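I have placed the structure first, in the form of structure tokens, so that the comments after it can refer back to it.
The values are calculated or read from the model by the stated rules, or taken from the named source; none is laboratory data. Computed from a predicted model, the values in this text were never measured in an experiment. Note that each Cβ is placed from the backbone with ideal geometry, even for glycine, and that neighbours are counted across all protein chains shown.
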Amino acid sequence: ATKSELPIDPLRIVAKEMKHLTGNIRQLLGSGHPSLDRVAKYYTQSEGKHVRPLIVLLMSRATSLCPKAPESPAPQTLVAIDSSISPLNVLADANPSSPHADFSSQPGSESDVLPSQRRLAEITELIHTASLLHDDVIDHSVSRRGSPSANFEFGNKMAVLAGDFLLGRASVALARLRNAEVVELLATVIANLVEGEFMQLKNTARDERNPQWSEEIFTYYLQKTYLKTASLISKSCRAAALLGRADAPTVESAYSYGKNLGLAFQLVDDMLDYTKSGSDLGKPAGADLELGLATAPLLFAWKSTPELGILVGRKFGQEGDVQRARELVYQSDGIEQTRALAEDYSQQAIAALNNFPDSEAKDGLIEMAMNTLKRQK
Ligand code: FPP
Ligand code: MG
Ligand code: MG
């Protein structure tokens, strides 16, 4: 087969950079306290999809070919960091002298992904995993990635504290990148995750017993979706471009790609919650209605089925509500419309890459956007 007929595998394109991801993350999570060490590393045992690091690494490679910001080259000694942080002892000061060797000028480092960008990929996975630890407590979830959830295995207290520990270690690694703008971006992501989760505690901006469908409700849902999912992906794409000293238009394109991909990704997630079984997903299915959450499939259904308003108003809390709401969603075109909107965002993500020079990494990013629509879990 000719090259163009070969299927594009995003993972293969950054396989070299992904190889040490889990090992490095586990090293960042070392604690002298054996049970904290165990809980903190728990979600690194089951292989997650590593969607966020994959996107960061592909974006790093793709933007390495784009125009640079005028003030470059910046002193790489401040950006590159040691990829092997010493295992931190719980009893020692968790702030050993920060190593930041100049990797970029070493012979044999021919990769177009900088050490700082590789570290950024690890940091995004750490923040994401921290949010899952907390999320499973909030959602009373008993399974994750096909295994018992951390809260189920170790209890809520340890799961919450482990999540906090991950955020702490992510912050240490972030600070060591020595890039204030990147620190600010990722710190904002952490705040955004909480804001999104808070918005989700309420389905609408106002508390009403029998709310009427409105555009405003859908806007609220999209804003929440940006905060809880797209913020991490978009701001880490932006950070990857910044670490690579890309020029301002490239940084904006990277951000736009991540934002649109993130929105598509969560819309598909919300759709799969209706269309897949728990064993397909490796986590409870149909969980959103049970949690009182009105996501895109239901919001689209509600537009043409006003009786859903009363169920939304009481968060599907009465006997039979979840069942009834599910029926009404299946009878409507809510799932189809959700898929169509996800497709829209996915295409916008791809369009954001228009000005990037052709490359394998760019093809990988395009493939990621298309795979988001096809994914089954
Ligand atoms: C998964 O959503 C959860 C998130 C995308 C973010 C959760 C954020 C928090 C709990 C805020 C606080 C946490 C931190 C670390 C700042 P989901 O429940 O829809 O997905 P699921 O089906 O995978 O559980
Ligand atoms: Mg959840
Ligand atoms: Mg949740």
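Listed values, structure above:
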item	result
Matching residues, the stretch 163-183, being within 16 Å of ligand 2 (Cβ to nearest atom) and more than 18 Å from the chain's Cα centre (by Cα)	none
Helices (runs of 4 or more DSSP H) completely within the stretch 137-255 that count 1 or more residues being β-branched (Val, Ile, Thr)	156-175, 180-201, 215-225, 231-243
Qualifying residue in the stretch 289-298 (condition: at positive phi, assigned to a loop (DSSP other than H, G, I, E, B), within 16 Å of ligand 1 (Cβ to nearest atom) and in contact with a helix residue (DSSP H, G or I) (Cβ under 8 Å, 6 or more places away or on another chain))	no
Residues that are touching a helix residue (DSSP H, G or I) at 6+ places or on another chain (Cβ under 9 Å) and small (Gly, Ala, Ser), drawn from the stretch 28-47	Gly30, Ser31, Ser35, Ala40
Top-ranked residue of the stretch 300-318 - restricted to ones that are surrounded by 14 or more Cβ atoms within 10 Å (Cβ to Cβ) and among the charged types (D, E, K, R), ranked as nearest to the chain's Cα centre (by Cα)	Lys315
Any pair with Cβ under 8 angstrom, 6 or more apart, that starts in the stretch 194-212 at a residue that is closer than 14 Å to Ser131 by Cα and ends at one that is buried (at least 16 other Cβ atoms within 10 Å of the Cβ) and among the small types (Gly, Ala, Ser)	Gly196/Ser231
Single unsatisfied condition, Pro148 versus (1) modelled with pLDDT under 95; (2) of a type outside the set (Ser, Thr, Tyr); (3) more than 22 Å from Val268 (Cα to Cα)	(1)
Ile85 at pLDDT below 55 and buried (at least 16 other Cβ atoms within 10 Å of the Cβ)	yes
Cβ-Cβ under 7 Å pairs, at least 6 apart or on other chains, the stretch 138-153 side without any contact (Cβ under 8 Å) to a residue 12 or more places away in the chain, far side of a type in the set (Phe, Trp, Tyr) and more than 12 Å from ligand 1 (Cβ to nearest atom)	none
Unique residue being within 13 Å of the chain's Cα centre (by Cα) and at pLDDT 95 or above when the list is Ser116, Ser131	Ser131
